[in-house]
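The values are calculated or read from the model by the stated rules, or taken from the named source; none is laboratory data. Note that this is a predicted model, so its numbers are computed, not measured. All Cβ positions, glycine included, derive from the backbone under ideal geometry; neighbour counts span all protein chains shown. SASA here: full protein model, heavy atoms, side chains in, ligands and nucleic acids out. Shrake-Rupley method; radii C 1.70, N 1.55, O 1.52, S 1.80 Å.
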Amino acid sequence: MTEILALPAFDDNYIWLLRANGLVAVVDPGDAAPVLKHLAHSGDRLCAILVTHHHGDHVGGIAELLAVDAVPVFGPATENIAGVTRALVGGEHIEVPGIGVDFEVLAVPGHTRGHLAYYGPSLANTGALFCGDTLFGAGCGRLFDGTPAQMQASLAKLAVLPAPTLVYCAHEYTQSNLRFAAVVEPGSIAVQKRAEEVAAARAARRPTVPTRIGIELETNPFLRWSAPAVRAAAASRLGHAPADDVETFTAIREWKNRF
Ligand code: ZN
Ligand code: FE
């Protein structure tokens, strides 16, 4: 049985650990220090590093971890990341050595051009998704080097995963994202209810992630381009009815950028 643990890093990042048999694989180690601290306290050994994209808060700890143990590093082939030994483009099936976890690698461009997500259907009974800065609790990543059409297609790919799939986002952004979601869909009971649950979790300093695909489908405006209320909100921003899902998504994303 593989355990999944959160290591908080910086202000609002999570580094995710997959732990089995005294070994850990680490996802998006932006900082080596919390990982090294975990290894020292637990006696676990590092067996692999997985990275989703090239931003410093996701890759900054790789070199320091490799100096301790030269483990395989899985990451996007099309982004310039020092230390990657298993370059991936999406579509691959990988097995993380040591812990025996299988992932389907998904190409999810948008936040960055080569962004990857790792979907482990056998993890945590329900399946688990490590999606970096693509999908957040009630939100999605900003568009740095990808296009809105790419991001919408990437999110559509994640939206069709089984509803109970646990979503391990790389940032604790859910509470502020829900403030925006409540403005996009002021009539949504699901958004209001989630905002209350998330406020209680944050007041108790508990993480709001992992979330689940099903929860996101109900409350995340960046997956709800088909919902009449979201289309109407996009129309009022655009001054005309959105022509398609990409235009709806783009209008909501641009609105959030200024929110
Ligand atoms: Zn990022
Ligand atoms: Fe990030």
Measuring with a 1.4 Å probe in the full set of protein chains, what accessible area per residue, in whole Å², belongs to the range 3-212? 40 Å²
If we restrict to alpha carbons, what Rg and Dmax does the range 95-207 come to, in Å? 15.2, 48
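Please list, by residue number, every one of the trypsin sites (Lys or Arg not before Pro) in the range 175-230 that is coil in DSSP and has at most 14 other beta-carbon atoms within 10 Å.
Qualifying residues, ordered by number: Arg205.
Excluding Pro121 itself, what net charge comes from residues whose Cβ is under 12 Å from its Cβ, given Lys and Arg +1 and Asp and Glu -1? Don't skip to the answer; put the middle values down first.
Details: positive: none; negative: Asp102, Glu104.
It works out to a net charge of -2.
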Rounded to the nearest 500, what is the 222 nm mean residue ellipticity of the chain from helices alone, with -39500 (n - 2.57) per DSSP H run of 4+ residues and division by all residues? -10500 deg cm²/dmol
Everything considered on the Cα gyration tensor (a ≥ b ≥ c; rounded for a/c under 1.5, else prolate if a/b is larger than b/c, else oblate), the range 74-156 must be described as oblate
Report the full-extension gain for the segment Arg86 to Asp244: residue separation times 0.36 nm, less the Cα-Cα distance, to one decimal in nm. 53.2 nm
Provide Rg and Dmax in Å for the range 214-259, with only Cα atoms included in the calculation. 9.9, 31
For the range 170-222, evaluate the Debye formula with one uniform point scatterer on each Cα (no solvent term) and list log10 I(q)/I(0) at q = 0.29, 0.31, 0.32 Å⁻¹, rounded to two decimals. -1.31, -1.42, -1.46
Tell me which lysines have Cα within less than 24 Å of Lys37's Cα, excluding those fewer than 8 residues away on the same chain? none
Cβ under 11 Å from Ile252's Cβ, Ile252 left aside: what net charge do those residues give with Lys, Arg +1 and Asp, Glu -1? +1
Which Cα, out of Leu155, Gly139, His111, lies furthest along the positive dipole direction of the chain (beta carbon charges, K/R +1, D/E -1)? Gly139
In Å³ and rounded to a whole number, note down the convex hull volume per residue for the Cα atoms of the chain. 116 Å³
Considering only protein heavy atoms and a 1.4 Å probe, what is the carbon-and-sulfur percentage of the accessible area of the chain? 53 percent
Can you check what the net charge comes to around Lys37, using other residues whose Cβ is under 13 Å from the Cβ of Lys37 (Lys, Arg +1; Asp, Glu -1)? -3
Which of Phe222, Ser122, Leu50, positive extreme of dipole for the chain (C-beta unit charges): Phe222
Given +1 on the Cβ of Lys and Arg, -1 on the Cβ of Asp and Glu, and no further charges, what dipole in debye does the range 2-47 carry about its Cα centre, rounded to the nearest 20? 260 debye
